[in-house]
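A.B. asks: Take this structure first; my questions come after.
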Amino acid sequence: MVLGVEEPPAEADIDRWADAAVTTFLPPTAPDSGEPAGTRRVDGGWAWQGRGVDNVRRRRLVTEALDGYAAGPDATVAATADALDRAASARAVVLVEGISDQMALEELARCQGRDLGAERLVVVPIGGAQAFARELRRFGPGGAGVIVAGLYDAGEEEVVRRAIATAGLGAPVTRHELEELGFFVCVKDLEDELIRAAGAATIEELLASQGDLGSFRTLQKQQVWRGRPFDEQFHRWLRAGARRNLRYARLLVRSLPPDRVPRPLTATLGAIPNHPG
């Protein structure tokens, strides 16, 4: 497939090239050819080649991984609106910063055999930590008065602590006190928790199964990322594509045995008793 450019993809273009993946993968090095690994020269342009997953199947895998979740430029607003609509009759809610957090927790619930709908437990992506104050007022003792738990990134801990105090749920000072109230931290964020839990070997197997390993190898060869730690490379790769962190939040949770699922995820769900609504 001719992409009509003379240079291999820049870092910002990696996802576009990956979405154009076709059928085969060249060796990781091409001695004396001068060509970038994972590409082939066609009619004066560089063309990307994927690893063992044809383009049709790869797109089907992407669709399956995102099935049931909002997509597109208004995804965050749509996901929040849908969750809030369901939360109107909820027994309990879990507040999370974004859709990837929602997908990870809901996938974990499925893996645990929990039916969140039957439990009337709704995971609500609120569109960022600054919205914790608003949503805790909505669902806390001054609002709906339902059971509330939450998952947040380490960098937002002070924001969450203030929001909890303002909503009248308590006055937590330490992380332990936050956990006693049902709020758990991801260090540094959800992606880092999942990367540490899965490890490089599991992640590369998963990338290969989804037709994404060639794209990841391209990022690893970028000058700015060459030789960097694997977790930093993969975290950057996840954030380089608009839907990658969403897909892989679900896929990584699904790939982990129960004893390797990050504690913040299991603890957040565990903070709300499992029983029918």
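A.B. asks: Which whole-Hz ³J(HN,Hα) couplings does segment 214-230 yield from phi under the Karplus relation 6.51 cos²θ - 1.76 cosθ + 1.60, θ = phi - 60°, glycine and proline marked x?
C.D. replies: Calculated HN-Hα couplings, in order: x, 4, 5, 4, 4, 4, 4, 8, 4, 4, 5, 10, 4, x, 6, x, 4 Hz.
A.B. asks: Would you grab the residues whose amide H sits under 5 Å from the one on GLY150? Only those 5+ places off in sequence or on another chain, please, with H modelled 1.01 Å from N.
C.D. replies: So GLY150 has HN proximity to LEU95, PHE183, PHE184.
A.B. asks: At 7 Å along the Cα-to-beta-carbon direction for both ARG260 and ARG60, put a label point, then send me their distance in nm to one decimal.
C.D. replies: Using points 7 Å along Cα→Cβ, the separation is 2.7 nm.
A.B. asks: Semi-axes of segment 107-238's equivalent ellipsoid from the Cα gyration tensor, sqrt of 5 times each eigenvalue, largest first, rounded to whole Å?
C.D. replies: For segment 107-238, the semi-axes come out at 35, 19, 12 Å.
A.B. asks: Output wanted: per-residue J couplings in Hz (rounded whole) for segment 199-204, from phi through Karplus 6.51 cos²θ - 1.76 cosθ + 1.60, θ = phi - 60°, x for Gly and Pro.
C.D. replies: 3J(HN,Hα) across segment 199-204, in whole Hz: x, 4, 4, 5, 5, 5.
A.B. asks: Based on other C-beta atoms within 10 Å, arrange TRP237, TRP225 from fewest to most.
C.D. replies: TRP225, TRP237
A.B. asks: Going by C-beta contacts inside 10 Å, put ARG161, ARG120 in order with the fewest on the left.
C.D. replies: ARG120, ARG161
A.B. asks: Can you pull the semi-axes for segment 221-260, root of five times each eigenvalue of the Cα gyration tensor, sorted largest first, whole Å?
C.D. replies: 23, 14, 5
A.B. asks: Let me see the pair-distance distribution of segment 162-277: every alpha carbon pair, 10 Å bin width, integer percents in order.
C.D. replies: Taking all Cα pairs of segment 162-277, the binned fractions are 12, 36, 27, 18, 7, 0 percent.
A.B. asks: Explain nothing, just compute: Karplus ³J(HN,Hα) = 6.51 cos²θ - 1.76 cosθ + 1.60, θ = phi - 60°, for every residue of segment 151-156 in order, whole Hz, x for Gly and Pro.
C.D. replies: With coefficients 6.51, -1.76 and 1.60, one gets 10, 8, 7, 4, x, 10 Hz.
Every read-out reported here was derived from the displayed coordinates using simple, explicitly stated rules and does not represent laboratory data. Keep in mind that what you see is a predicted model, and the values were worked out from it rather than measured. Cβ coordinates were reconstructed from backbone atoms using ideal geometry, including for glycine residues, and neighbour counts include every protein chain displayed.
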